[in-house]
Amino acid sequence: MTEDRKLMTFEFLGLCFISGVTYCNITVFYNLFDYLQTLGIPADLCGVLIGAYSLTAVALYLLVSPFINAGNAPRTMWLGMIVLAVCGQSYFFVHSFWGLLGLRMLNGLGQFLMAAAGMALFIAVVPLSRSGQAFGLYSIAGLLPYGTVPAVMDALAAYIPTPPHGYAAVTFLLLPAAWIVQHVKKRCKNQDIPAEKQRLPNWRDIRSNLMQWPVILLLSLNVSYFISWSSLFFLFKKFADQKGLVNVGYFFTTQMGMMIVLRLLGGRIFDALDKRKLVMASAALVALGYGALDHLPGLWAFPLAALLFGVGMGSSSPALYGLMFELSPPRFRSVNANLMLCAVQLGFVLGPILGVGVVARFGYHGFFVVCAALAALTGAFSAFLPVKKNPVYPRQEKGHR
């Protein structure tokens, strides 16, 4: 496969659809906390059940994702679909804490298999020269379910007797996804995927890859980004209530809408601009967003703060993923892209934990100050990323010809 091929192919669009289906099977659990309480499970144990999903995914990304490549990805995705389908139907009859704990961990396994395998195939079809645009569009498929699935489920509440009926219903989206995987597999077979993108690395290679400064730094920056995003998402409602904002959804609708529009219309801008400087500018906007919330003059300013977060967070993630793609040797692009997904899950675990601790001790003023400082540090450390689009440790790649 050549690096100058077009982006909008069946494979690319099909993988975007599959990514959206994967996230639909995540966001459908938006009401899980309330449902678990109806089963008589204490609130603190509900948190354990919800967090077990992400913790499972983190462990699997670290231990298993390096061994998923373009060659075995279709089989891995089919296995993930089977696991997710079984899990979606199992909420009808699994009601105990330990049973639900196992089910949530199984959910994490299914999501991991789908997402990691999808990323491996995605890396195999993305042109190097359009990586920023590709990741920007690919991320939209993951953002849309957050804005649509809860709204659709609430609108259809009269036709959905219980939450498990909703969990089961969404799994039927896996049927067209399975058909797409079959066709993507056939089309990829007809293309010349470089051997280094299909060869499995050994543990020595993986350790060597993880010891590279650009890889460590980009993973750390991505964790920081999602700590900021997840802590804001889970802790914002109480702050908004204190300020008198009746519908907190308006804030996130504005933010999410800006993120989607930016990534949809940004196109080649993500590749034309210096991605390192783009990360720095994005971090500065996020820091300004937290400063705006900390000094909010009135309800009218909420949409303006949401726009700051939308532009900052909307442009940061494609730049980070694009940089990891560019700075990684071809045989490690899939590995490092999946490690970026691991950083996402880790950020969603750490964000609420750290955020709750800061709010409990220092209030929302302290929370906004800490988050603004974290964003500023993210921008500062991004200045240490390499400027040129050179693969990290090319000397080691010579040994694997």
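General observations
- Residues that are within 27 Å of Thr9 (Cβ to Cβ) and in contact (Cβ under 8 Å) with a residue 24 or more places away in the chain number at least 3 in the following helices (runs of 4 or more DSSP H) confined to the stretch 60-174: 73-90, 97-125, 131-155.
- Residues in the stretch 268-281 that are at pLDDT below 85, within 23 Å of Phe226 (Cα to Cα) and in contact with a helix residue (DSSP H, G or I) (Cβ under 7 Å, 6 or more places away or on another chain): Phe270, Asp271, Lys275.
- Within the stretch 216-243, being surrounded by 20 or more Cβ atoms within 10 Å (Cβ to Cβ), within 15 Å of Val279 (Cβ to Cβ) and hydroxyl-bearing (Ser, Thr, Tyr) holds for Ser224, Tyr225, Ser228.
The values are calculated or read from the model by the stated rules, or taken from the named source; none is laboratory data. Here the structure is a predicted model, which means the values were calculated and not measured. For neighbour counting, all protein chains shown are included, and Cβ atoms are generated from backbone atoms with ideal geometry for every residue, glycine included.
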